[in-house]
Amino acid sequence: MSNRSDDEATNANKYAASGDGRNQSVQQQASLDDHDSAVSSQTIGIIAGSVGLVATGVGIYLIATDKGASRSTSSAHVTPILAPHTAGASASFSF
């Protein structure tokens, strides 16, 4: 997961060592900005994934321990939603 972040940090260090004047400073800053963006995206992804796993676990636990009288009429459906820059789930329940 950290490959992009590591690549941008390596690029920033490479530009710092090259001594290319003003252009070097702009390229270094751009690489550092890309590195920070990659780290932020990675953190958001880890948090969103963790929340999703916890929600899935809680849902499975609640369904498995349900002591309702009529189990034949209740149902639960979870549909994953994956798109560029978007991830989530849609849940529907009937009792």
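The values are calculated or read from the model by the stated rules, or taken from the named source; none is laboratory data. As the structure is a computational prediction, the values presented were derived from the model and not from experiment. We place every Cβ from the backbone using ideal geometry, glycine too, and count neighbours over all the protein chains shown.
Data for the structure
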| item | result |
| --- | --- |
| Qualifying residue in the range 61-84 (condition: at pLDDT 80 or above, closer than 23 Å to ASN3 by Cβ and among the small types (Gly, Ala, Ser)) | no |
| Subset of the range 1-41 (residues that are at pLDDT below 70, among the charged types (D, E, K, R) and surrounded by 15 or more Cβ atoms within 10 Å (Cβ to Cβ)) | ARG4, GLU8 |
| Every pair of residues 6+ apart whose Cβ atoms lie under 9 Å, when the first sits in the range 35-57 and is within 15 Å of ALA87 (Cβ to Cβ) while the second is exposed (fewer than 13 other Cβ atoms within 10 Å of the Cβ) and at pLDDT 90 or above | none |
